[in-house]
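Before any comments, here is the structure.
The values are calculated or read from the model by the stated rules, or taken from the named source; none is laboratory data. Worth saying up front: this structure is predicted, and the values here are computed from it rather than measured. FYI the Cβ positions are ideal-geometry reconstructions off the backbone, even for glycines, and counts take in every protein chain you see. Heads up: the accessible areas ignore ligands, DNA and RNA and are worked out on the full protein's heavy atoms, side chains in. Shrake-Rupley method; radii C 1.70, N 1.55, O 1.52, S 1.80 Å.
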Amino acid sequence: MAQDSVDLSCDYQFWMQKLSVWGQASTLETQQDTCLHLAQFQEFLRKMYEALKEMDSNTVFERFPTIDQLLAKACWNPFILAYDESQKILIWCLCCLINKEPQNSRQSKLNSWIQGVLSHILSALRFDKEVALFTQGLGYAPVDYYHGLLKNMVLSLASELRENHLNGFNTQRRMTPERLASLSRVCVPLITLPDVDPLVEALLVCHGHEPQEILQPEFFEAVNEAILLKKISLPMSAVVCLWLRHLPSLEKAMLHLFEKLISSERNCLRRIECFIKDSSLPQAACHPAIFRVVDEMFRCALLETDGAPEIIATIQVFTQCFVEALGKENKQLRFALKTYFPYTSPSLAMVLLQDPQDVPREHWLQTLKLISELLREAAEDQTHGSRRGPLESWFLFIHFGGWAEMVAEQLLRSAAEPPAALLWLLAFYYSPHDGRQQRAQTMVQVEAVLGRLLAMSGSSSLSARDLHTAAGQGTETDPRAPAQQLARRLLLHFVLWAPGGHTIARDAIALMAHTAEITHEIIGFLDQTLYRWDRLGIESPRSGKLARELLKELRTQV
């Protein structure tokens with residue numbers, strides 16, 4: 001508490017000096033400096049209010065003898081009054097200074113002064129007496145006139161900007177770069193006002209012909225911040241222009257999404273989907289340049305977390321939302337697939353982009369075999385200088401991980417000999433780093449586990465212990481090994497789909513979940529399975545009910 005008090009006193013002195021320099025914000029330099037510091041000053045006002053409301057008027061002036069001067073300077077600065085919630089917070093601060101029962105002339109004088117300042121704030125825009133008389137004669141109340149005037153000014157400027165955009169190289173009718181820059185600077189404190197939206201939008205979509213960006217970085221930053229905090233709502237075309245013109249804003253939007261995902265409940269894809277759609281990033285990613293930046297940031301997150309399952313699941317949900325947005329925007333692709341996935345063969349990208357729910361079920365096996373063939377060809381391409389190596393191919397494949405989960409289900413629900421193509425696809429998905437020989441060994445191990453599980457599916461006396469042993473879970477092998485992860489996946493699919501699996505599901509999972517890491521892995525599997533079943537409409541009543549019950553029970557344990 002003592003440190004907070006010291007910090008507030010230091011901040012007080014800093015802002016007192018700033019306000020003195022800004023004055024009436026009459027020069028270009030002071031305007032720029034004011035706009036740069038508006039958000040910070042508003043935060044200072046909040047802290048000041050939190051301190052003032054705990055004191056009486058006398059204590060306030062003992063602690064901050066020049067508080068009236070500081071608030072007066074702020075109240076007469078039009079940029080501060082126009083910015084976000086600063087006007088409201090200033091009113092709160094002023095009210096803290098009022099003496100409810102003034103004991104002397106000084107306190108009465110202070111009350112009168114505060115009333116005058118409050119009147120000034122509430123009037124906001126002041127016009128000459130002649131203008132006031134004229135508007136009253138027309139039958140307009142001042143509040144209606146000011147609102148209408150602001151609206152008309154904004155619409156007029158927005159119209160001029162649209163014409164500027166259409167005029168192209170007609171230099172005589174184009175708005176000068178200096179004026180565009182000035183307009184963007186003036187808009188910074190006004191961005192959250194609803195009536196200013198058309199002007200903000202027009203500035204974003206108006207492209208100049210200069211080699212460098214002419215709009216102020218503070219303008220882009222303020223607009224992006226307002227969008228992320230849901231203080232303004234702009235058309236998607238304007239948001240796309242913002243993120244194309246100002247890369248730091250796009251990066252901040254991605255970081256904002258990451259922060260939301262990190263703070264949310266772990267392993268809950270429905271909530272992740274809501275956050276992703278709410279971010280507007282999938283819709284904006286329909287433009288290849290934005291998609292490539294977003295995808296690269298996902299790649300970095302994947303590398304930083306050493307391929308964390310949560311990141312992989314998030315990439316898959318994002319890709320699904322992106323594909324949906326792409327389909328809504330235009331049935332005919334505006335951009336070639338190569339622009340989204342430049343290091344991938346178009347035929348592979350086209351097959352993976354198919355939504356499984358749009359492919360007839362009887363064709364799922366054929367589609368999975370084709371994916372395996374194309375992916376294997378790309379992953380094992382040894383051409384000199386090729387970017388289509390195993391990791392690049394794997395990164396593409398994890399975007400569409402729903403196909404990988406379908407592989408396990410297809411293998412367990414078929415009595416025929418497992419196709420090598422599907423075994424390769426599973427082994428590659430769980431261990432892209434392996435060479436051909438090591439991957440072949442994983443395929444043999446998975447085929448053996450699969451054979452033992454299928455042999456037990458017709459047994460009338462299944463036990464969790466036997467199932468656990470059949471899946472190789474009782475050995476001393478590292479549980480993080482790819483073959484062990486694959487075996488656990490097959491075992492989990494088995495207890496959900498096999499006729500006798502439901503009766504021993506809880507016991508089988510209890511044997512598997514001997515570490516917190518594996519428990520989270522199982523929770524993630526159940527959540528992803530239910531999410532995918534819901535989308536594809538392939539959930540059986542018994543399996544769905546069991547999966548939901550297991551998921552609920554496991555979540556209460558962690």
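Within the range 489-508, track down each residue that is buried (at least 22 other Cβ atoms within 10 Å of the Cβ) and of a type in the set (Val, Ile, Thr).
Within the range 489-508, VAL495 is the sole residue that qualifies.
So, in the range 56-88, how many residues would count as being part of a helix (DSSP H, G or I), of a type in the set (Phe, Trp, Tyr) and closer than 14 Å to VAL117 by Cβ?
Looking only at the range 56-88, we keep the residues that are part of a helix (DSSP H, G or I), and these are 57-63, 67-75, 78-82, 86-88.
Subsequent filtering for residues that are of a type in the set (Phe, Trp, Tyr) retains 61, 79.
Keeping just the survivors that are closer than 14 Å to VAL117 by Cβ gives none.
Matching residues across the range 56-88 total 0.
With the condition kept exactly as written, say whether any residue in the range 87-106 is at pLDDT 85 or above, of a type in the set (S, T, N, Q) and open to solvent by less than 10 Å² (accessible area, probe 1.4 Å).
Taking every residue of the range 87-106 in turn, none turns out to be at pLDDT 85 or above, of a type in the set (S, T, N, Q) and open to solvent by less than 10 Å² (accessible area, probe 1.4 Å).
Any idea how many residues of the range 68-86 are open to solvent by 30 Å² or more (accessible area, probe 1.4 Å) and of a type outside the set (S, T, N, Q)?
Going through the range 68-86 one residue at a time, the tally reaches 7.
How many residues are loosely packed, with under 15 Cβ neighbours inside 10 Å and modelled with pLDDT of 85 or more when one looks only at the range 55-66?
4
Within the range 436-453, can you find the residues that are of a type in the set (Val, Ile, Thr) and free of Cβ contacts under 8 Å to residues at least 12 places away in the same chain?
Result: VAL444, single match.
Please enumerate the residues belonging to the range 261-280 that are of a type in the set (S, T, N, Q) and touching a Phe, Trp or Tyr at 6+ places or on another chain (Cβ under 8 Å).
Residues of the range 261-280 of a type in the set (S, T, N, Q): 263-264, 267, 279-280.
Selection gives SER264 alone.
Could you count how many residues in the range 509-553 are open to solvent by less than 60 Å² (accessible area, probe 1.4 Å) and either of a type in the set (A, V, I, L, M) or under 18 Å from VAL317 (Cα atoms) (or both)? Step through it out loud before you land on a result.
As a first pass, look at the range 509-553 and keep what is open to solvent by less than 60 Å² (accessible area, probe 1.4 Å): 509, 511-513, 515, 518-533, 535-538, 540, 543-544, 546-547, 550-551.
Now narrow it down to the ones that are either of a type in the set (A, V, I, L, M) or under 18 Å from VAL317 (Cα atoms) (or both): 509, 511-513, 518, 521-533, 535-538, 546-547, 550-551.
Residues flagged as open to solvent by less than 60 Å² (accessible area, probe 1.4 Å) and either of a type in the set (A, V, I, L, M) or under 18 Å from VAL317 (Cα atoms) (or both) within the range 509-553 amount to 26.
For the range 22-30, indicate whether the set of residues that are under 24 Å from LEU229 (Cβ atoms), open to solvent by 30 Å² or more (accessible area, probe 1.4 Å) and either at pLDDT 90 or above or part of a loop (DSSP other than H, G, I, E, B) (or both) is non-empty. Outline the logic, then answer.
Residues of the range 22-30 that are under 24 Å from LEU229 (Cβ atoms), as a first pass: none.
Checked against the condition, which is being under 24 Å from LEU229 (Cβ atoms), open to solvent by 30 Å² or more (accessible area, probe 1.4 Å) and either at pLDDT 90 or above or part of a loop (DSSP other than H, G, I, E, B) (or both), the range 22-30 yields no hits at all.
Where the second residue is open to solvent by less than 90 Å² (accessible area, probe 1.4 Å) and not in a helix (DSSP H, G or I) and the first is more than 13 Å from ILE538 (Cα to Cα) and lies in the range 356-370, which pairs have Cβ atoms under 6 Å and are six or more apart or on separate chains?
THR367/VAL359
When you scan the range 443-452, do you find a residue that is within 40 Å of the chain's Cα centre (by Cα) and at pLDDT below 85, even just one?
no
Are any residues in the range 157-167 open to solvent by 70 Å² or more (accessible area, probe 1.4 Å) and either of a type in the set (Gly, Ala, Ser) or modelled with pLDDT of 60 or more (or both), and if so, which ones?
Answer for the range 157-167, where residues must be open to solvent by 70 Å² or more (accessible area, probe 1.4 Å) and either of a type in the set (Gly, Ala, Ser) or modelled with pLDDT of 60 or more (or both): ARG162, GLU163.
Report yes if some residue within the range 307-318 is closer than 22 Å to PRO356 by Cα and of a type in the set (S, T, N, Q); otherwise report no.
Yes, the conditions are met somewhere in the range 307-318.
Residues LYS231, LYS252, LYS260, LYS277: which one is open to solvent by 20 Å² or more (accessible area, probe 1.4 Å), in contact with a Cys (Cβ under 8 Å, 6 or more places away or on another chain) and charged (D, E, K, R)? Even if it seems obvious, please write down each step before you answer.
Working: LYS231 fails: in contact with a Cys (Cβ under 8 Å, 6 or more places away or on another chain); LYS252 fails: in contact with a Cys (Cβ under 8 Å, 6 or more places away or on another chain); LYS260 fails: in contact with a Cys (Cβ under 8 Å, 6 or more places away or on another chain).
The match here is LYS277.
Does GLN316 meet the test of being of a type outside the set (Lys, Arg) and crowded, with 20+ Cβ neighbours inside 10 Å?
Yes.
Looking only at the range 498-521, which residues are touching a residue at least 60 places away in the same chain (Cβ under 8 Å) and either farther than 14 Å from LEU550 by Cα or not in a helix (DSSP H, G or I) (or both)?
Matches in the range 498-521: ALA498 only.
So the check is Cβ under 6 Å with 6+ separation or different chains; which pairs have a first residue in the range 274-300 that's closer than 17 Å to THR339 by Cα and at pLDDT below 95 and a second one that's among the acidic types (Asp, Glu) and open to solvent by 40 Å² or more (accessible area, probe 1.4 Å)?
Going by the 6 Å Cβ cut-off, the qualifying pairs are CYS286/GLU329.
Could you look through the range 168-224, keep only residues that are among the small types (Gly, Ala, Ser) and open to solvent by 20 Å² or more (accessible area, probe 1.4 Å), and pick out the one that is modelled with the highest pLDDT?
Taking the range 168-224 first, the residues among the small types (Gly, Ala, Ser) are 168, 181-182, 184, 202, 208, 222.
Right, trim to open to solvent by 20 Å² or more (accessible area, probe 1.4 Å) and you get 182, 208, 222.
Details: SER182: 78, GLY208: 64, ALA222: 92.
The residue in question is ALA222.
Only residues that are out of contact with any helix residue (DSSP H, G or I) (no Cβ under 7 Å at 6 or more places or on another chain) and either hydrophobic (A, V, I, L, M, F, W, C) or modelled with pLDDT under 90 (or both): list them for the range 4-19, please.
ASP4, SER5, VAL6, ASP7, SER9, CYS10, PHE14
Among what's in the range 263-274 and is under 13 Å from VAL317 (Cβ atoms) and of a type outside the set (Gly, Ala, Ser), pick the residue that is surrounded by the fewest Cβ atoms within 10 Å (Cβ to Cβ).
Looking at the filtered set, the residue picked out is ARG270.
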